[in-house]
Structures are given as structure tokens and as C-alpha cells.
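**Q** Before we start, here is the structure in question, set down as C-alpha cells.
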Amino acid sequence: MNNPNELSLYLASASPRRRELLNILCTNFKTISPDIDETLESSDFHQAIKNLAIKKAEAGWEMLNHPESVAILSADTLVIFKQRPMGKPHNATEASLFLLAMSGHTHQVITSLALLTKKPGKELIFTTALSITDVTFRALKEEEIEAYIETDEWCDKAGGYGIQGIAGAFVEKMSGSYSGVMGLPLSETLQLLKSAGLSHKLQTLKHQIDQQYGSM
């Protein structure tokens with residue numbers, strides 16, 4: 001049974017991948033799609049992506065007209081290659097250039113999480129987390145890149161690829177969070193939910209086990 005005093009959880013993202021990942025952890029949340037300027041405002045990429053996630057969560061709160069009992073989870077993902085940010089490619093040509101550059105090399109995928117919580121009579125609280133993953137592509141052939149671009153899978157994806165799709169075959173090795181590369185690192189997300197007292201499926205499962213077999 002849901003706690004009647006629990007904050008209403010919103011995912012501030014239009015990404016179906018983030019929605020699917022959060023659904024692994026959560027039993028009850030809604031989605032909103034706040035529109036923000038995603039220009040990086042700092043050459044410190046870790047801080048810049050953190051700021052974007054906070055900005056997105058805050059925009060979600062504004063969009064919902066300042067509710068008094070709410071938690072808003074947001075995330076932003078950035079690909080860094082040789083100290084250069086590689087965001088969402090504007091067209092197929094740019095996506096091809098991204099993949100060609102990263103072919104045979106290692107890049108970083110940074111996903112920042114921000115959880116805004118607002119309780120009645122309390123100030124806004126922002127809790128953040130950062131997931132950093134090293135991804136190494138094998139050497140890609142030009143015809144592979146061309147075939148991938150034709151699938152349109154690269155559209156609206158940082159770095160011009162989605163690891164959960166065909167581009168997963170480009171990855172030679174990875175050190176870090178697979179779900180973080182997808183856009184919502186599950187371990188860090190779970191910790192944020194727990195810190196805010198929000199229910200999740202593991203918590204629900206433990207309650208069901210306790211009810212049936214007694215506290216373990």
C-alpha cells in the first residue's frame with residue numbers, strides 16, 4: 001500500500017529510455033517534459049551537466065505550477081571525447097563525424113541526476129548524483145557507420161548513438177554503468193529515491209516478503 005504522505009514523483013524527461021529504466025525501480029510516477037536551453041554554461045563538464053539536470057528539475061516544478069508536495073527527478077547525459085563535448089548531433093553528417101572520431105578510441109559518458117523535493121512549508125531541496133562511464137569503441141568500418149546512420153537510431157542521442165540498440169555492437173569494452181550510458185543510472189537513481197523516502201519496487205518487494213514470512 002502506498003504511503004498517503006509520500007511525495008508525488010515526476011520524471012522530468014521526454015526520453016522513453018529513461019521512462020523504461022525508472023519503471024524498473026518505481027511503482028508510481030508521472031512524466032513531464034520541461035523545455036530548457038541545454039547550452040553548457042561551463043568548461044567544467046561535470047559541473048555543467050549537473051547544472052543542466054538541476055535546471056531541468058526546477059523547470060519541471062515551474063511547469064507544475066509550484067506544487068507543495070512533490071519530487072521531480074531529472075537527468076542529463078553528455079558524451080566527452082578528447083575533452084570535447086559531443087552532444088546530440090544536428091544532422092546525419094555530424095552523427096557520422098562523431099562515430100568516425102570515436103572509432104577505435106575511448107570516450108566518457110557522463111549522466112547527471114537531480115532530484116528536487118518540495119514538502120509543505122519547506123524550502124526546495126536539490127540532491128544530485130553523477131555517473132561516469134568509459135566506453136571504448138572497436139575500430140569501425142565506414143560502411144558500418146553509413147549503415148548505422150541510415151537506421152536513424154542516432155537521432156536525439158548524445159554522441160550520436162544508443163548503446164541499447166544496434167550501436168551496442170560497436171562497444172569493445174566498458175567501465176562503469178550501462179544504464180548510465182542509456183541515460184538513467186539505476187544504482188544512483190535508487191539511492192536518490194531512498195534518500196528522499198520515496199517507494200521503489202525493491203522496497204515494495206521487501207514489504208511483501210516481511211508480510212508473508214516475517215521481518216528478515
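The values are calculated or read from the model by the stated rules, or taken from the named source; none is laboratory data. Here the structure is a predicted model, which is why all the values come from computation and not from measurement. Glycine also receives a Cβ, built like all others from the backbone with ideal geometry; neighbour counts cover every protein chain displayed. Each accessible area value is taken on the protein alone, full model and side chains, heavy atoms only, with ligands, DNA and RNA left out. Shrake-Rupley method; radii C 1.70, N 1.55, O 1.52, S 1.80 Å.
**Q** Of all the accessible heavy-atom surface of the chain, with the other protein chains kept in place and a 1.4 Å probe, what percent is carbon and sulfur?
**A** Looking at the chain in its full context, I get 49 percent from C and S.
**Q** A follow-up question, please. Which whole number in µm²/s is D for region 14-55 by Stokes-Einstein, with the Kirkwood Rh taken over Cα pairs at 20 °C and 1.002 mPa s?
**A** The calculation lands on 176 µm²/s.
**Q** Which whole-Hz couplings ³J(HN,Hα) result when phi for each residue of region 107-117 is put into the Karplus expression 6.51 cos²θ - 1.76 cosθ + 1.60, θ = phi - 60°, listed in order with x for Gly and Pro?
**A** 10, 10, 10, 10, 10, 9, 10, 9, 10, 8, 10
**Q** Please compute, for the alpha-carbon atoms of region 113-155, the extent along each of the three principal axes and give them in descending order in Å.
**A** 59, 23, 7
**Q** Let me ask something else about it. If I model a spin label as a point 7 Å beyond the Cα along the Cα-Cβ vector, how far apart are those points for Thr27 and Glu150 in nm?
**A** According to this spin-label approximation, the distance is 4.8 nm.
**Q** Apply 1/(1 + (r/R0)^6) to the Cβ-Cβ distance of Glu38 and Lys194, taking R0 = 25 Å, and write down the FRET efficiency to the nearest 0.05.
**A** Here the calculated transfer efficiency is 0.30.
**Q** Per-residue HN-Hα couplings for region 127-140, Karplus 6.51 cos²θ - 1.76 cosθ + 1.60 at θ = phi - 60°, whole Hz, x for Gly and Pro?
**A** The phi angles translate into 10, 10, 8, 10, 10, 10, 10, 8, 10, 10, 8, 6, 5, 9 Hz.
**Q** Taking the Cα atoms of region 24-176, report the difference between the largest and smallest coordinate on each principal axis, in whole Å and largest first.
**A** Projected onto its principal axes, the Cα set of region 24-176 covers 58, 29, 27 Å.
**Q** Let me ask something else about it. Helix 186-195: angle to the longest alpha-carbon principal axis of the chain, degrees 0 to 90, nearest 10?
**A** With rounding to tens, the tilt is 30 degrees.
**Q** Which of the lysines could a cross-linker bridge to Lys56, judged by Cα under 16 Å and excluding same-chain residues fewer than eight apart?
**A** Lys30, Lys118
**Q** Related question: Apply the Karplus parameterisation 6.51 cos²θ - 1.76 cosθ + 1.60, with θ equal to phi minus 60°, to every residue of region 49-62 and state each ³J(HN,Hα) to the nearest whole Hz, in sequence, with x for glycine and proline.
**A** 6, 5, 4, 5, 5, 5, 4, 5, 5, 5, 5, x, 5, 4
**Q** For Leu9, which sequence-distant residues (separation of 5 or more, or a different chain) have an amide H within less than 5 Å of its own amide H, given hydrogens modelled in the peptide plane?
**A** Under 5 Å from the amide H of Leu9: Lys30, Ala71.
**Q** Order the peptides 126-134, 143-151, 39-47 from the highest to the lowest mean number of other Cβ atoms within 10 Å of their residues.
**A** Descending mean neighbour count gives 126-134, 143-151, 39-47.
**Q** Might you tell me the accessible area per residue for the chain, computed with a 1.4 Å probe and given in Å²?
**A** 53
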